[in-house]
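Since every read-out is calculated from the coordinates, none of them should be taken as a lab result. Because the structure is predicted, anything quoted here is derived from the model rather than measured. Virtual Cβ from ideal backbone geometry, glycine too; neighbours counted across all protein chains shown.
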Amino acid sequence: MDEPLFGGTSRREMVLQRFASAFLVTAASATLSIALVQAVRTGVFVHALLGVCVALFAAIEVRLVSWYRRGDLEPGFRHVIAALGLAIALLCIVANLYFFTINSGL
């Protein structure tokens, strides 16, 4: 295998990247599941569309992290990847709050 273009990453960075990726995949999967259940339960299929969008954004994040780990992206992309991860986490939180408060009358 070729050497990474910009040097290797430290063990601490790799563990942090894997933890963040696992968290985002779990949060996005849960949001997608809840969105599909709400779409079937309420008959509003915009919920399913929101869940699919969250899952697609998470898939893009996972792909960027894998490219970064291989060394195909410049080190400056680390900040973009982190910002996208935070945005996806916030989107998951807001979507889940929306799904759980939509039927409670708030």
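Here are a few things to note about the model shown:
- Selected residue (criterion: surrounded by the most Cβ atoms within 10 Å (Cβ to Cβ)) from residues of region 50-83 that are more than 13 Å from Ala28 (Cα to Cα) and aliphatic (A, V, I, L, M): Val65
- Of the residues making up region 66-76, those that are touching a residue at least 12 places away in the same chain (Cβ under 8 Å) and within 16 Å of Met14 (Cβ to Cβ) are Tyr68, Arg69, Arg70, Gly71, Asp72, Pro75.
- Conditions (1) closer than 16 Å to Ile93 by Cα; (2) out of contact with any Leu (no Cβ under 6 Å at 6 or more places or on another chain); (3) free of Cβ contacts under 8 Å to residues at least 24 places away in the same chain; number of the one not met by Ala48: (2)
- Qualifying residues in region 9-49 (those that are small (Gly, Ala, Ser) and surrounded by fewer than 13 Cβ atoms within 10 Å (Cβ to Cβ)) - the one farthest from Arg78 (Cα to Cα): Gly43
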